[in-house]
Amino acid sequence: MPLDIIIGTQWGDEGKGRVVDLLSRQADYVARYNGGDNAGHTVTVGEKVFKLHLIPSGIIHPQTIAVIGNGVVINPQTLLSEIEMLHANGVEVNPQRLMISYAAHLITPGHLALDKAQEMSLGNTKIGTTLRGIGPTYTDKVSRSGIRVEQMLDLARFADTLQKHLEAVNQKLTQLFHTDPLESSPIIQQYLDYAQLIRPYIGDVSSLLHEALKSGKKVLAEGAQGSLLDLDHGTYPFVTSSYPTAAGALLGLGIGVGCEGRVIGVTKAFQTRVGSGPFPTEVFDETAQRLRGSGANPWDEYGTTTGRPRRVGWLDLVLLRYAIRINGVNALTMTKLDVLSGFEEVKICNAYRSQGKTYPNLPLGPADLSPFEPLYDSMPGWKEEIRGCRKWQDLPIAAQNFVNKVAELVQVPIHLVSVGPEREDVIEVPHP
Ligand code: IMP
(Lines give C-alpha, C1' and ligand atoms only; values in the text may rest on other atoms or scores of the structure.)
Protein backbone atom coordinates (compact mmCIF):
# COMPACT_ATOMS: atom_id res chain seq x y z
CA MET A 1 0.00 0.00 0.00
CA PRO A 2 2.60 2.55 -0.99
CA LEU A 3 2.11 6.24 -0.59
CA ASP A 4 5.16 8.24 -1.60
CA ILE A 5 5.24 11.88 -0.62
CA ILE A 6 7.47 14.28 -2.54
CA ILE A 7 8.32 17.39 -0.59
CA GLY A 8 10.58 20.36 -1.13
CA THR A 9 13.18 20.76 1.60
CA GLN A 10 13.91 24.43 0.84
CA TRP A 11 11.84 27.51 -0.11
CA GLY A 12 10.16 25.89 -3.09
CA ASP A 13 11.39 25.58 -6.69
CA GLU A 14 13.56 22.58 -5.80
CA GLY A 15 12.63 20.79 -9.02
CA LYS A 16 9.92 18.60 -7.48
CA GLY A 17 7.96 18.62 -10.75
CA ARG A 18 10.55 16.63 -12.60
CA VAL A 19 11.03 14.17 -9.73
CA VAL A 20 7.27 13.67 -9.70
CA ASP A 21 7.34 13.29 -13.45
CA LEU A 22 9.99 10.59 -13.13
CA LEU A 23 8.32 8.70 -10.31
CA SER A 24 4.86 8.98 -11.80
CA ARG A 25 5.91 6.57 -14.55
CA GLN A 26 5.20 3.87 -11.95
CA ALA A 27 2.36 5.65 -10.14
CA ASP A 28 -1.36 5.04 -10.52
CA TYR A 29 -2.36 8.35 -8.92
CA VAL A 30 -0.58 11.67 -8.59
CA ALA A 31 -2.08 14.06 -6.07
CA ARG A 32 -1.58 17.75 -5.28
CA TYR A 33 -2.27 18.45 -1.62
CA ASN A 34 -1.47 22.09 -0.83
CA GLY A 35 -1.16 25.58 -2.23
CA GLY A 36 -2.62 26.76 -5.49
CA ASP A 37 -1.39 28.39 -8.67
CA ASN A 38 1.36 30.12 -6.70
CA ALA A 39 3.31 26.95 -7.50
CA GLY A 40 5.04 26.36 -10.79
CA HIS A 41 6.20 22.95 -11.90
CA THR A 42 8.21 22.75 -15.07
CA VAL A 43 8.56 19.47 -16.92
CA THR A 44 10.54 19.25 -20.13
CA VAL A 45 9.56 16.48 -22.54
CA GLY A 46 11.62 16.57 -25.71
CA GLU A 47 10.96 19.93 -27.33
CA LYS A 48 8.00 20.65 -25.12
CA VAL A 49 8.25 22.52 -21.83
CA PHE A 50 5.13 22.07 -19.69
CA LYS A 51 4.63 24.75 -17.05
CA LEU A 52 1.90 23.66 -14.69
CA HIS A 53 0.71 25.65 -11.71
CA LEU A 54 -2.23 23.65 -10.46
CA ILE A 55 -2.80 20.32 -12.17
CA PRO A 56 -0.32 17.69 -10.93
CA SER A 57 2.53 17.35 -13.40
CA GLY A 58 2.07 13.54 -13.33
CA ILE A 59 -0.91 13.98 -15.67
CA ILE A 60 1.55 14.07 -18.54
CA HIS A 61 1.85 10.27 -18.18
CA PRO A 62 -1.07 8.61 -19.94
CA GLN A 63 -1.68 5.94 -17.27
CA THR A 64 -1.84 8.20 -14.21
CA ILE A 65 -4.92 9.72 -12.65
CA ALA A 66 -4.39 13.23 -11.32
CA VAL A 67 -6.16 14.46 -8.21
CA ILE A 68 -6.37 17.81 -6.49
CA GLY A 69 -7.00 17.46 -2.78
CA ASN A 70 -8.97 19.40 -0.20
CA GLY A 71 -5.79 21.20 0.95
CA VAL A 72 -5.47 23.02 -2.37
CA VAL A 73 -6.95 26.40 -3.28
CA ILE A 74 -8.17 26.61 -6.85
CA ASN A 75 -8.32 29.48 -9.26
CA PRO A 76 -10.87 28.11 -11.76
CA GLN A 77 -9.51 30.23 -14.56
CA THR A 78 -6.04 28.72 -14.14
CA LEU A 79 -7.50 25.25 -13.88
CA LEU A 80 -9.45 25.58 -17.11
CA SER A 81 -6.61 27.17 -19.04
CA GLU A 82 -4.28 24.36 -17.94
CA ILE A 83 -6.79 21.77 -19.10
CA GLU A 84 -6.92 23.57 -22.44
CA MET A 85 -3.12 23.84 -22.69
CA LEU A 86 -2.73 20.12 -21.95
CA HIS A 87 -5.35 19.24 -24.57
CA ALA A 88 -3.56 21.43 -27.10
CA ASN A 89 -0.36 19.50 -26.39
CA GLY A 90 -1.94 16.11 -26.83
CA VAL A 91 -2.46 15.28 -23.13
CA GLU A 92 -5.89 13.79 -22.47
CA VAL A 93 -7.74 15.44 -19.56
CA ASN A 94 -11.23 14.22 -18.67
CA PRO A 95 -13.12 13.38 -15.44
CA GLN A 96 -11.69 9.84 -15.56
CA ARG A 97 -8.17 11.30 -15.41
CA LEU A 98 -8.65 14.30 -13.13
CA MET A 99 -10.60 14.58 -9.89
CA ILE A 100 -10.96 17.70 -7.76
CA SER A 101 -11.92 17.44 -4.11
CA TYR A 102 -15.32 18.81 -3.23
CA ALA A 103 -13.69 20.33 -0.16
CA ALA A 104 -10.97 22.35 -1.92
CA HIS A 105 -11.48 26.11 -1.74
CA LEU A 106 -11.99 28.50 -4.63
CA ILE A 107 -9.90 31.59 -5.29
CA THR A 108 -11.88 34.55 -6.64
CA PRO A 109 -10.90 37.93 -8.10
CA GLY A 110 -11.83 39.22 -4.63
CA HIS A 111 -9.00 37.21 -3.09
CA LEU A 112 -6.61 38.43 -5.78
CA ALA A 113 -7.54 42.04 -5.09
CA LEU A 114 -7.10 41.57 -1.34
CA ASP A 115 -3.69 39.92 -1.79
CA LYS A 116 -2.54 42.92 -3.81
CA ALA A 117 -4.03 45.49 -1.42
CA GLN A 118 -2.52 43.76 1.62
CA GLU A 119 0.93 43.59 0.08
CA MET A 120 0.75 47.25 -0.96
CA SER A 121 -0.26 48.29 2.53
CA LEU A 122 2.73 46.46 4.04
CA GLY A 123 5.22 48.54 2.03
CA ASN A 124 8.78 47.57 2.96
CA THR A 125 7.62 44.75 5.19
CA LYS A 126 5.65 42.99 2.46
CA ILE A 127 5.82 39.19 2.24
CA GLY A 128 6.55 39.24 -1.47
CA THR A 129 3.63 36.93 -2.25
CA THR A 130 2.93 35.64 -5.73
CA LEU A 131 -0.23 37.84 -5.75
CA ARG A 132 -2.32 34.79 -6.65
CA GLY A 133 -4.81 35.35 -3.81
CA ILE A 134 -3.46 32.42 -1.83
CA GLY A 135 -3.28 34.04 1.63
CA PRO A 136 -6.75 35.66 1.51
CA THR A 137 -8.34 32.40 0.29
CA TYR A 138 -6.85 30.39 3.16
CA THR A 139 -7.80 33.21 5.53
CA ASP A 140 -11.44 32.83 4.45
CA LYS A 141 -11.14 29.06 4.83
CA VAL A 142 -9.89 29.34 8.39
CA SER A 143 -12.44 31.99 9.29
CA ARG A 144 -15.14 29.65 7.94
CA SER A 145 -16.32 32.00 5.24
CA GLY A 146 -14.55 30.39 2.29
CA ILE A 147 -16.14 29.07 -0.88
CA ARG A 148 -15.69 25.35 -1.42
CA VAL A 149 -15.65 23.64 -4.79
CA GLU A 150 -18.77 21.65 -3.84
CA GLN A 151 -20.75 24.89 -3.92
CA MET A 152 -20.48 24.77 -7.70
CA LEU A 153 -22.95 21.88 -7.63
CA ASP A 154 -25.85 24.18 -6.67
CA LEU A 155 -25.73 27.20 -8.96
CA ALA A 156 -28.39 29.29 -7.21
CA ARG A 157 -26.66 28.96 -3.85
CA PHE A 158 -23.29 29.44 -5.49
CA ALA A 159 -24.40 32.79 -6.95
CA ASP A 160 -25.72 33.85 -3.57
CA THR A 161 -22.49 32.84 -1.79
CA LEU A 162 -20.40 34.72 -4.37
CA GLN A 163 -22.55 37.82 -3.94
CA LYS A 164 -22.04 37.81 -0.15
CA HIS A 165 -18.35 37.06 -0.53
CA LEU A 166 -17.84 39.98 -2.92
CA GLU A 167 -19.75 42.32 -0.63
CA ALA A 168 -17.41 41.38 2.22
CA VAL A 169 -14.37 41.80 -0.03
CA ASN A 170 -15.57 45.21 -1.21
CA GLN A 171 -16.06 46.34 2.34
CA LYS A 172 -12.44 45.48 3.09
CA LEU A 173 -11.13 46.97 -0.15
CA THR A 174 -12.87 50.30 0.35
CA GLN A 175 -12.82 50.72 4.11
CA LEU A 176 -9.57 49.03 5.11
CA PHE A 177 -7.39 49.55 2.05
CA HIS A 178 -9.10 52.58 0.50
CA THR A 179 -9.10 51.08 -2.98
CA ASP A 180 -11.83 50.67 -5.60
CA PRO A 181 -14.50 48.00 -5.10
CA LEU A 182 -14.99 45.16 -7.58
CA GLU A 183 -18.03 44.92 -9.81
CA SER A 184 -19.86 41.82 -8.66
CA SER A 185 -22.14 40.76 -11.50
CA PRO A 186 -19.53 39.96 -14.21
CA ILE A 187 -17.54 37.95 -11.67
CA ILE A 188 -20.60 36.01 -10.57
CA GLN A 189 -21.56 35.27 -14.17
CA GLN A 190 -18.04 34.16 -14.97
CA TYR A 191 -17.93 31.84 -11.96
CA LEU A 192 -21.28 30.32 -12.90
CA ASP A 193 -19.82 29.57 -16.33
CA TYR A 194 -16.72 28.06 -14.73
CA ALA A 195 -18.95 25.92 -12.51
CA GLN A 196 -20.58 24.30 -15.53
CA LEU A 197 -17.18 23.29 -16.86
CA ILE A 198 -15.67 22.17 -13.55
CA ARG A 199 -18.62 20.23 -12.10
CA PRO A 200 -17.84 16.95 -13.88
CA TYR A 201 -14.44 16.85 -12.18
CA ILE A 202 -15.70 17.23 -8.60
CA GLY A 203 -15.45 14.14 -6.42
CA ASP A 204 -14.40 12.59 -3.13
CA VAL A 205 -10.61 12.50 -3.36
CA SER A 206 -10.17 11.05 0.12
CA SER A 207 -12.40 8.11 -0.67
CA LEU A 208 -10.83 7.57 -4.09
CA LEU A 209 -7.33 7.44 -2.62
CA HIS A 210 -8.40 5.29 0.32
CA GLU A 211 -9.76 2.65 -2.05
CA ALA A 212 -6.72 2.97 -4.29
CA LEU A 213 -4.27 2.42 -1.44
CA LYS A 214 -6.34 -0.45 -0.07
CA SER A 215 -6.14 -2.25 -3.37
CA GLY A 216 -2.38 -1.84 -3.63
CA LYS A 217 -2.25 1.03 -6.08
CA LYS A 218 0.63 3.47 -6.00
CA VAL A 219 -0.10 7.02 -4.98
CA LEU A 220 2.34 9.85 -5.33
CA ALA A 221 1.62 12.97 -3.28
CA GLU A 222 3.10 16.04 -4.94
CA GLY A 223 3.92 18.91 -2.60
CA ALA A 224 4.01 22.48 -3.79
CA GLN A 225 6.31 25.15 -2.36
CA GLY A 226 8.84 23.96 0.23
CA SER A 227 9.16 23.07 3.90
CA LEU A 228 10.67 26.43 4.79
CA LEU A 229 7.51 28.11 3.46
CA ASP A 230 5.25 25.94 5.66
CA LEU A 231 2.76 28.04 7.61
CA ASP A 232 3.77 26.49 10.94
CA HIS A 233 7.29 25.23 10.32
CA GLY A 234 8.69 27.77 7.88
CA THR A 235 10.39 31.15 8.17
CA TYR A 236 7.25 32.77 9.60
CA PRO A 237 5.82 35.28 8.69
CA PHE A 238 7.64 34.94 5.35
CA VAL A 239 5.78 31.77 4.48
CA THR A 240 2.88 30.66 2.36
CA SER A 241 -0.51 29.98 3.93
CA SER A 242 -0.60 26.20 3.56
CA TYR A 243 1.28 23.08 4.66
CA PRO A 244 3.85 21.95 2.10
CA THR A 245 5.35 19.48 4.60
CA ALA A 246 4.67 15.73 4.56
CA ALA A 247 1.96 15.95 7.22
CA GLY A 248 0.19 18.37 4.89
CA ALA A 249 -0.14 15.54 2.36
CA LEU A 250 -2.23 13.46 4.75
CA LEU A 251 -4.29 16.46 5.81
CA GLY A 252 -4.67 17.86 2.31
CA LEU A 253 -5.78 14.57 0.76
CA GLY A 254 -7.77 13.07 3.60
CA ILE A 255 -5.47 10.06 4.04
CA GLY A 256 -4.93 8.45 7.45
CA VAL A 257 -1.53 8.03 9.06
CA GLY A 258 0.34 4.76 8.77
CA CYS A 259 0.40 4.28 5.02
CA GLU A 260 3.58 2.61 3.99
CA GLY A 261 5.89 4.49 1.72
CA ARG A 262 8.67 6.99 1.44
CA VAL A 263 9.01 10.66 2.14
CA ILE A 264 11.25 11.86 -0.64
CA GLY A 265 12.87 15.21 -0.02
CA VAL A 266 14.02 17.26 -2.96
CA THR A 267 16.88 19.71 -2.55
CA LYS A 268 18.77 21.75 -5.04
CA ALA A 269 22.57 21.54 -4.93
CA PHE A 270 22.40 25.15 -3.77
CA GLN A 271 19.74 27.35 -2.20
CA THR A 272 17.14 29.68 -3.79
CA ARG A 273 14.27 31.79 -2.54
CA VAL A 274 11.71 34.17 -4.04
CA GLY A 275 10.07 36.82 -1.93
CA SER A 276 11.23 38.32 1.33
CA GLY A 277 12.52 36.58 4.42
CA PRO A 278 15.72 35.26 6.02
CA PHE A 279 18.36 33.53 3.90
CA PRO A 280 21.66 33.03 5.79
CA THR A 281 23.73 31.66 2.89
CA GLU A 282 22.54 34.19 0.31
CA VAL A 283 25.18 35.46 -2.14
CA PHE A 284 25.03 38.62 -4.24
CA ASP A 285 28.10 38.96 -6.42
CA GLU A 286 29.32 37.12 -9.48
CA THR A 287 28.65 33.83 -7.70
CA ALA A 288 24.98 34.82 -7.53
CA GLN A 289 24.88 35.53 -11.24
CA ARG A 290 26.37 32.15 -12.02
CA LEU A 291 24.00 30.28 -9.73
CA ARG A 292 20.98 32.19 -11.04
CA GLY A 293 21.72 32.02 -14.77
CA SER A 294 20.95 34.71 -17.30
CA GLY A 295 17.22 34.09 -17.53
CA ALA A 296 17.57 33.02 -21.15
CA ASN A 297 16.61 29.42 -20.34
CA PRO A 298 13.41 28.14 -18.71
CA TRP A 299 15.51 26.40 -16.05
CA ASP A 300 17.35 29.56 -14.94
CA GLU A 301 16.48 30.89 -11.50
CA TYR A 302 13.53 33.10 -12.36
CA GLY A 303 10.11 32.36 -10.84
CA THR A 304 7.91 30.07 -12.95
CA THR A 305 4.84 31.88 -11.68
CA THR A 306 6.00 35.47 -11.33
CA GLY A 307 9.16 35.70 -13.44
CA ARG A 308 10.96 37.35 -10.52
CA PRO A 309 14.72 36.67 -10.28
CA ARG A 310 15.27 34.24 -7.43
CA ARG A 311 17.63 35.00 -4.57
CA VAL A 312 20.42 32.42 -4.55
CA GLY A 313 23.04 31.07 -2.14
CA TRP A 314 25.09 28.06 -1.07
CA LEU A 315 23.46 24.87 0.15
CA ASP A 316 22.44 25.16 3.81
CA LEU A 317 22.60 21.87 5.68
CA VAL A 318 21.37 23.35 8.96
CA LEU A 319 18.08 24.03 7.20
CA LEU A 320 18.20 20.75 5.27
CA ARG A 321 18.59 18.74 8.49
CA TYR A 322 15.66 20.68 9.92
CA ALA A 323 13.51 19.91 6.86
CA ILE A 324 14.49 16.24 7.07
CA ARG A 325 13.38 16.15 10.71
CA ILE A 326 10.02 17.87 10.35
CA ASN A 327 9.08 15.77 7.33
CA GLY A 328 10.59 12.42 8.26
CA VAL A 329 12.51 12.41 4.97
CA ASN A 330 14.04 8.99 4.27
CA ALA A 331 15.33 9.53 0.74
CA LEU A 332 16.76 12.60 -0.94
CA THR A 333 16.96 13.75 -4.53
CA MET A 334 19.44 16.46 -5.41
CA THR A 335 18.64 18.64 -8.41
CA LYS A 336 20.66 21.05 -10.53
CA LEU A 337 24.08 19.65 -9.72
CA ASP A 338 25.15 20.79 -13.21
CA VAL A 339 24.82 24.43 -12.13
CA LEU A 340 27.82 23.98 -9.83
CA SER A 341 30.09 22.94 -12.73
CA GLY A 342 32.94 25.37 -13.32
CA PHE A 343 33.26 26.71 -9.79
CA GLU A 344 36.81 26.57 -8.44
CA GLU A 345 35.41 25.63 -5.04
CA VAL A 346 31.89 24.76 -3.89
CA LYS A 347 30.63 25.60 -0.44
CA ILE A 348 28.28 23.88 1.98
CA CYS A 349 27.03 25.54 5.14
CA ASN A 350 27.23 22.82 7.79
CA ALA A 351 26.62 24.94 10.91
CA TYR A 352 25.73 28.43 12.08
CA ARG A 353 27.65 30.57 14.53
CA SER A 354 26.23 33.12 16.92
CA GLN A 355 27.97 34.87 19.80
CA GLY A 356 30.91 32.48 19.73
CA LYS A 357 28.71 29.38 19.81
CA THR A 358 28.36 26.86 16.97
CA TYR A 359 24.97 25.45 15.99
CA PRO A 360 24.81 22.38 13.73
CA ASN A 361 21.03 22.48 14.20
CA LEU A 362 18.53 25.27 14.72
CA PRO A 363 18.07 26.05 18.39
CA LEU A 364 14.57 27.50 17.95
CA GLY A 365 13.14 26.99 14.46
CA PRO A 366 13.80 29.05 11.35
CA ALA A 367 11.65 32.19 11.89
CA ASP A 368 14.50 34.36 13.15
CA LEU A 369 17.79 33.49 11.50
CA SER A 370 19.25 36.97 11.89
CA PRO A 371 21.62 36.11 14.76
CA PHE A 372 23.39 33.46 12.71
CA GLU A 373 26.41 33.56 10.50
CA PRO A 374 26.89 30.54 8.21
CA LEU A 375 29.98 28.38 8.69
CA TYR A 376 31.10 26.83 5.42
CA ASP A 377 32.93 23.68 4.44
CA SER A 378 34.73 24.27 1.16
CA MET A 379 35.21 21.51 -1.36
CA PRO A 380 37.12 21.44 -4.63
CA GLY A 381 34.82 22.11 -7.59
CA TRP A 382 34.87 20.48 -11.02
CA LYS A 383 35.36 22.05 -14.43
CA GLU A 384 33.61 19.46 -16.59
CA GLU A 385 30.15 20.01 -18.04
CA ILE A 386 28.09 17.19 -16.55
CA ARG A 387 24.80 17.57 -18.45
CA GLY A 388 25.53 14.58 -20.68
CA CYS A 389 26.33 12.28 -17.76
CA ARG A 390 23.91 9.40 -17.34
CA LYS A 391 25.79 7.18 -14.92
CA TRP A 392 27.28 7.84 -11.50
CA GLN A 393 30.71 6.75 -12.74
CA ASP A 394 30.51 9.43 -15.48
CA LEU A 395 30.47 12.21 -12.90
CA PRO A 396 33.78 13.84 -12.00
CA ILE A 397 35.10 12.58 -8.67
CA ALA A 398 34.74 16.07 -7.16
CA ALA A 399 31.02 16.06 -8.03
CA GLN A 400 30.60 12.58 -6.56
CA ASN A 401 32.38 13.77 -3.43
CA PHE A 402 30.04 16.72 -3.13
CA VAL A 403 26.94 14.51 -3.29
CA ASN A 404 28.42 11.94 -0.90
CA LYS A 405 29.45 14.63 1.55
CA VAL A 406 25.95 16.13 1.70
CA ALA A 407 24.38 12.69 2.26
CA GLU A 408 26.88 11.95 4.99
CA LEU A 409 26.37 15.28 6.76
CA VAL A 410 22.58 15.02 6.78
CA GLN A 411 22.53 11.26 7.36
CA VAL A 412 19.99 10.54 4.62
CA PRO A 413 20.83 8.71 1.38
CA ILE A 414 20.72 10.63 -1.88
CA HIS A 415 19.14 8.31 -4.45
CA LEU A 416 18.90 10.54 -7.48
CA VAL A 417 20.85 13.46 -8.84
CA SER A 418 19.66 15.61 -11.71
CA VAL A 419 22.18 17.20 -14.04
CA GLY A 420 19.99 19.06 -16.52
CA PRO A 421 16.45 20.03 -17.44
CA GLU A 422 15.59 17.07 -19.69
CA ARG A 423 13.75 14.01 -18.43
CA GLU A 424 16.84 11.91 -19.12
CA ASP A 425 19.23 14.19 -17.22
CA VAL A 426 18.99 12.07 -14.09
CA ILE A 427 21.57 9.83 -12.47
CA GLU A 428 20.84 7.04 -10.02
CA VAL A 429 23.27 7.03 -7.13
CA PRO A 430 24.47 3.50 -6.38
CA HIS A 431 24.07 2.32 -2.80
CA PRO A 432 25.83 -0.75 -1.48
P1 IMP B 1 2.00 33.23 -1.47
O2 IMP B 1 2.06 31.73 -1.41
O3 IMP B 1 1.69 33.74 -2.85
O4 IMP B 1 1.10 33.79 -0.41
O5 IMP B 1 3.46 33.79 -1.13
C6 IMP B 1 4.07 33.62 0.13
C7 IMP B 1 5.56 33.36 0.00
O8 IMP B 1 5.75 32.06 -0.57
C9 IMP B 1 6.30 34.33 -0.91
O10 IMP B 1 7.62 34.50 -0.43
C11 IMP B 1 6.35 33.60 -2.24
O12 IMP B 1 7.41 34.04 -3.06
C13 IMP B 1 6.55 32.18 -1.76
N14 IMP B 1 6.05 31.16 -2.70
C15 IMP B 1 4.78 30.81 -2.93
N16 IMP B 1 4.71 29.83 -3.84
C17 IMP B 1 5.97 29.54 -4.18
C18 IMP B 1 6.55 28.55 -5.06
O19 IMP B 1 5.89 27.74 -5.70
N20 IMP B 1 7.91 28.57 -5.14
C21 IMP B 1 8.67 29.42 -4.42
N22 IMP B 1 8.17 30.32 -3.58
C23 IMP B 1 6.83 30.38 -3.45
The range 8-22, residues that are hydrophobic (A, V, I, L, M, F, W, C) and within 16 Å of the ligand (Cβ to nearest atom): Trp11, Val19, Val20
The range 251-306 - residue that is of a type in the set (S, T, N, Q), under 22 Å from the mean Cα position of the chain (by Cα) and closer than 21 Å to Ala399 by Cβ and, of those, nearest to the ligand (Cβ to nearest atom): Thr272
Filter result (of a type outside the set (A, V, I, L, M), in contact with a helix residue (DSSP H, G or I) (Cβ under 7 Å, 6 or more places away or on another chain) and either not assigned by TED's automatic domain parsing to the domain that holds Gly69 or not in a strand (DSSP E or B) (or both)) within the range 23-37: Ser24, Asp28, Tyr33, Asn34, Gly36, Asp37
Residue within the range 23-30 that is within 23 Å of Phe270 (Cα to Cα) and within 16 Å of the ligand (Cβ to nearest atom) present: no
Subset of the range 268-289 (residues that are crowded, with 17+ Cβ neighbours inside 10 Å and either in a helix (DSSP H, G or I) or in contact with a helix residue (DSSP H, G or I) (Cβ under 6 Å, 6 or more places away or on another chain) (or both)): Ala269, Phe270
Test: Ser143 is more than 30 Å from Glu119 (Cα to Cα), within 25 Å of the chain's Cα centre (by Cα) and surrounded by fewer than 16 Cβ atoms within 10 Å (Cβ to Cβ): no
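Yes/no matrix, rows are residues, columns are (1) under 19 Å from the mean Cα position of the chain (by Cα); (2) among the acidic types (Asp, Glu); (3) part of a strand (DSSP E or B):
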site: Ala39; (1), (2), (3): yes, no, no
site: Val43; (1), (2), (3): yes, no, yes
site: Leu54; (1), (2), (3): yes, no, no
site: Gln63; (1), (2), (3): no, no, no
site: Leu79; (1), (2), (3): yes, no, no
site: Pro95; (1), (2), (3): no, no, no
site: Ile100; (1), (2), (3): yes, no, yes
Subset of the range 307-346 that is free of Cβ contacts under 8 Å to residues at least 40 places away in the same chain and more than 20 Å from Gln225 (Cβ to Cβ) - its residue that is nearest to the ligand (Cβ to nearest atom): Glu345
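For the range 68-76, does any single residue satisfy the condition of being polar (S, T, N, Q), in contact (Cβ under 8 Å) with a residue 24 or more places away in the chain and assigned by TED's automatic domain parsing to the domain that holds Ala27? Break it down stepwise before answering.
The initial filter retains those residues of the range 68-76 that are polar (S, T, N, Q), namely 70, 75.
Filter again for in contact (Cβ under 8 Å) with a residue 24 or more places away in the chain, leaving 70, 75.
Pick out the ones that are also assigned by TED's automatic domain parsing to the domain that holds Ala27 and you get 70, 75.
So far as the range 68-76 goes, yes, one or more of its residues are polar (S, T, N, Q), in contact (Cβ under 8 Å) with a residue 24 or more places away in the chain and assigned by TED's automatic domain parsing to the domain that holds Ala27.
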Residue within the range 119-138 that is surrounded by 20 or more Cβ atoms within 10 Å (Cβ to Cβ), at pLDDT 95 or above and of a type in the set (D, E, K, R) present: yes
Residue in the range 245-267 that is under 16 Å from Leu98 (Cα atoms) and assigned by TED's automatic domain parsing to the domain that holds Val73 present: yes
Matching entry among Leu112, Leu80 (being on the phi < 0 side of the Ramachandran plot and not assigned by TED's automatic domain parsing to the domain that holds Gln271): Leu112
Any helices (runs of 4 or more DSSP H) falling wholly within the range 122-234 and containing at least 2 residues that are touching a residue at least 40 places away in the same chain (Cβ under 8 Å), within 14 Å of the ligand (Cβ to nearest atom) and not basic (Lys, Arg): 134-142
Members of the range 217-256 that are surrounded by fewer than 22 Cβ atoms within 10 Å (Cβ to Cβ) and at pLDDT below 95: Gly256
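Okay, residues lined up against (1) under 24 Å from Leu315 (Cβ atoms); (2) crowded, with 24+ Cβ neighbours inside 10 Å:
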residue: Ile5; (1), (2): yes, yes
residue: Lys16; (1), (2): yes, yes
residue: Arg32; (1), (2): no, yes
residue: Lys48; (1), (2): no, no
residue: Ile55; (1), (2): no, yes
residue: His61; (1), (2): no, no
residue: Ile65; (1), (2): no, no
residue: Gly69; (1), (2): no, yes
residue: Gln77; (1), (2): no, no
Number of the condition not met by Gly342 [criteria: (1) closer than 17 Å to Arg290 by Cα; (2) exposed (fewer than 12 other Cβ atoms within 10 Å of the Cβ)]: (2)
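The values are calculated or read from the model by the stated rules, or taken from the named source; none is laboratory data. Source: prediction; values computed, not measured. As a convention, Cβ positions derive from the backbone with ideal geometry for all residues, glycine included, and neighbour counts pool all protein chains shown.
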